[in-house]
Amino acid sequence: MQQGTLMRKVKSKSWKKQRFFKLQDDCMTIWYQSKRTGKTESAFSISDVETVREGHQSEVLQSLAEEFPPERCFTIVFYGRRGNLDLIAGSAEEAQCWVQGLRQLIEPRSFPLTSALVSRTWIRDWFQKADKNKDGRMNFKEVQRLLKMMNVDMNEDHALRLFQDADKSESGTLEGEEFVLFYKALTQREEVLSLFQEFSEDGKKLTLLELVDFLRQEQLEDEGTEELAMELIDKYEPSETARARHVLSADGFLMYLCSPEGSIFNPQHRLLWQDMSQPLCHYFISSSHNTYLIEDQIRGHSSIEGYIRALKRGCRCLEVDCWDGPNGEPMVYHGHTFTSKIPFREVVSTLGKYAFKRDSRVEPYTPSPSLVLQGDGGAGLQQCGELGDSRSHGGDGLPQVPTSPPTTLQELKHKILLKGKKIGRLEDTLDGPGDEAPDVSDDDNGAEAEEERRKVKRGSALQKDKESLAQALSDCIIYCKNVSFRGFQEARSHSRPSEISSLSEAKARKLVRDAGNEFVRHNAWQLTRIYPSGMRTDSSNYSPQEMWNVGCQIVALNFQTAGTEMDLCDGLFSQNGRCGYVLKPPFMRDEETLFNPSDPSSWESPGPTTLTIQVISGQQLPKVSNSKDEAIIDPLVRVEIHGVPADQARQETKHIENNGFNPRWDETLQFQLHVPELALVRFVVEDYDKTSRNDFVGQFTLAFANIKPGYRHIHLLSKDGTSIPPSSLFVHIRITE
């Protein structure tokens, strides 16, 4: 890899160009150049690579399957929304060299990362960026440039003093370990050191009992505290001598605070921690809208990448819009628009590979709960038959007709459930046709403007729908039969738990406003799906929180669009093993509940819970993407509460001028939560600008139920929801009932 390899970079069947790929000496960067011009075309960091796929595992490489064998093909997948890189090597051996080499290089970043590894990787990255003449050394001028790149506004005399202290060889340059010393001096954490000394009698170490005191008094760890203290010393103390004496140094203390155990997110809740034996309607379900789109709703690109990205994010309800295609093969795309199309069989094949796949390195205990497929579109009789026969493409995970309706989520494990139109009743599928005339349900999905037109045409469409639905496909719809919503009383009288209604965001919002308690009761026994307005052609999102407040289970969002709404979605579903299912609070699972999110008198809480957050400091905050190298950010922290209307709140700190490297705020924010069970807490860092809108720097969102009290680090995420180590906030959390 370091010698370099000539490979074909491919973008389409006709665009296949040779590029020379080379791994740099730092083993952190890959650049490639045009064979024809010799000009370096692009470069990417190993830290940007999420995974490597072998063979024809992209649409482009699948289209070239007859021309190039799978053993020569591979795909580099990047974090966030950056497009994949499809490559064809000259031989199978060369392809394996790159596939295995890349996997080895990205392997050390698997969770959990130690803070030492993050720092080493980060130091090396910065060293390479600042070493302009690539001589492996850094003079003071290069160090000054580096400080600006790292968001540090430092007095020149102070910077020179740190530089000279680290220059042990007195060569006037820093290299290797000297730069590490410089970095450590730069990142001295005074606020952590003073906390350490508060509990350390000699100011140099924490004895086992002193660490136990800290864990009990500040971190509120009240069970197995001595065992936990021993584990933390064994895991995070860098000195073998100190480990043998069961003591924790200041370095070890900092490493603990930066670790998963020192995170604001309760590490126990990262695993599967909720009851998974409840009925399907008792869970919030991570859900996407028009999953196949990775851009806008009118002319956007349809891609199986949409499904892969959503599934890897924990999504458990996907949308598949099938329409008649050429040669009797159904196609997936947004009907009556100009979006591109993908063959339905490719979608099914992708689901077979990724629907129940888990990364054992990341989430070793993740279950494989059911996957709901929302089926829409206008495929005709023959091609509907193709859909019904498609179970053979996806293996055992696709639905089989059961002998009785399911009662719990556990019974549906590893199953794909189809949501859509159905001929007749569920009982007819299970027991054979009865005397009742067959009923074909309709789906409310689509632009709100079409709602009235559908009502007028419903009578004539009924017969047409009967003719166009294939029995094979209809028989697959067991648990999520689509029915129109005609009011809560009508649903209570005539609907069944195996049925589901789809509502537009506007219609749902009106029901929340006019009949909040009835909506909560309805969702205690039946599924409801909410979808974005047809006016959101730019793939923007509505707030999912107001829909979760009334217990709607399937709140479909455009996963391709970053923003607050997707932050809330990722925040809610980052718990429970990231399985895509979160159990609703008890008062939302009771069919006779009095709860109404808009009516405080209906809440049974003994009184508000007080959440007190001391925002202490920030560490190595990233520069905003549109700023120049010289621009150092002026960061502020905003804390937002998303929950029932009475709990909605936001407060922010003052901004710190010219310091994105180690800003200190030491400000306290306080919130009153009346329904903490539904609250999400979002931490946002912005670059203050007095003349225009603040720029986004990073964020982290989690459910209130997952917060750990005490001194905690918040590891920030990018706009795309990917981690940006070692950027973090240091806070103290207190929760008072």
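The values are calculated or read from the model by the stated rules, or taken from the named source; none is laboratory data. All figures in this text were calculated on a predicted structure; none of them were measured in a lab. Virtual Cβ from ideal backbone geometry, glycine too; neighbours counted across all protein chains shown. In case anyone asks, the SASA skips ligands and DNA or RNA and just uses the protein heavy atoms, side chains included. Shrake-Rupley method; radii C 1.70, N 1.55, O 1.52, S 1.80 Å.
Data table
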read-out: Qualifying chymotrypsin sites (Phe, Trp or Tyr not before Pro) in region 305-353, DSSP loop, other Cβ atoms within 10 Å at most 14; value: PHE338
read-out: FRET efficiency for LYS510 and GLU107, using Cβ-Cβ distance with R0 set to 56 Å, rounded to 0.05; value: 0.65
read-out: Two-site label geometry, GLN268 and CYS27: point separation in nm, points 7 Å out along Cα→Cβ; value: 3.9
read-out: Accessible area in the full protein assembly, largest first, 1.4 Å probe, for LEU583, LEU568; value: LEU583, LEU568
read-out: Neighbour cut-off at most 13 other Cβ (10 Å), DSSP loop, chymotrypsin sites (Phe, Trp or Tyr not before Pro), region 1-76; value: TRP15
read-out: Gain upon complete extension [ARG216, SER239; 0.36 nm per residue less C-alpha separation]; value: 5.8 nm
read-out: Label point distance in nm, GLN2-GLN96, each placed 7 Å from Cα along Cα→Cβ; value: 2.2
read-out: Vicinal HN-Hα couplings computed from phi for region 704-721 (Karplus, 6.51 cos²θ - 1.76 cosθ + 1.60; Hz; Gly/Pro x); value: 4, 4, 9, 7, 9, x, x, 7, 9, 9, 10, 8, 6, 10, 7, 4, 7, x
read-out: Gyration tensor (alpha-carbon) shape descriptor, region 190-262, a/c threshold 1.5; value: rounded
read-out: Amide H partners (placed H, <5 Å) of LEU371, local residues excluded; value: LYS415, ILE416, LEU417
read-out: Karplus-derived HN-Hα couplings along region 76-92 (A = 6.51, B = -1.76, C = 1.60, θ = phi - 60°), whole Hz, x at Gly and Pro; value: 9, 9, 9, 5, x, 9, 5, x, 5, 10, 9, 10, 10, 7, x, 8, 5
read-out: Under-5 Å amide H pairs with ASP131, H placed in peptide plane, nonlocal only; value: none
read-out: Per residue, in Å², the accessible surface of region 5-106 once ligands and nucleic acids are set aside, probe 1.4 Å; value: 47
read-out: J(HN,Hα) series, region 255-260, from Karplus relation 6.51 cos²θ - 1.76 cosθ + 1.60, nearest Hz, glycine and proline x; value: 4, 4, 5, 8, 8, x
read-out: Linear extension gain, GLU227 paired with MET149, 0.36 nm per residue minus alpha-carbon span; value: 23.8 nm
read-out: Of all accessible heavy-atom area on region 535-604, the percent that carbon and sulfur account for (1.4 Å); value: 50
read-out: Approximate spin-label separation LYS357-SER63, in nm, with each point projected 7 Å along Cα-to-Cβ; value: 2.1
read-out: Cα gyration tensor shape for region 609-736, rounded if a/c is under 1.5, else prolate or oblate; value: prolate
read-out: Area of VAL372 that stays accessible when all protein chains are in place (1.4 Å probe, Å², to 10); value: 0
read-out: Per residue accessible area of region 663-737, 1.4 Å probe, in Å²; value: 39
read-out: Rounded percent of accessible protein surface that carbon and sulfur make up, region 609-736, 1.4 Å probe; value: 44
read-out: Loop-located GluC sites (Glu not before Pro) in region 557-611, at most 16 other Cβ atoms within 10 Å (DSSP); value: GLU591, GLU592, GLU604
read-out: Cα gyration tensor, region 1-106 - rounded (a/c under 1.5), prolate or oblate; value: rounded
read-out: Accessible area (Å², 1.4 Å probe, nearest 10) - GLU231; value: 110
read-out: Long-range HN-HN contacts of GLU50 with modeled amide H, under 5 Å; value: VAL77, PHE78, TYR79
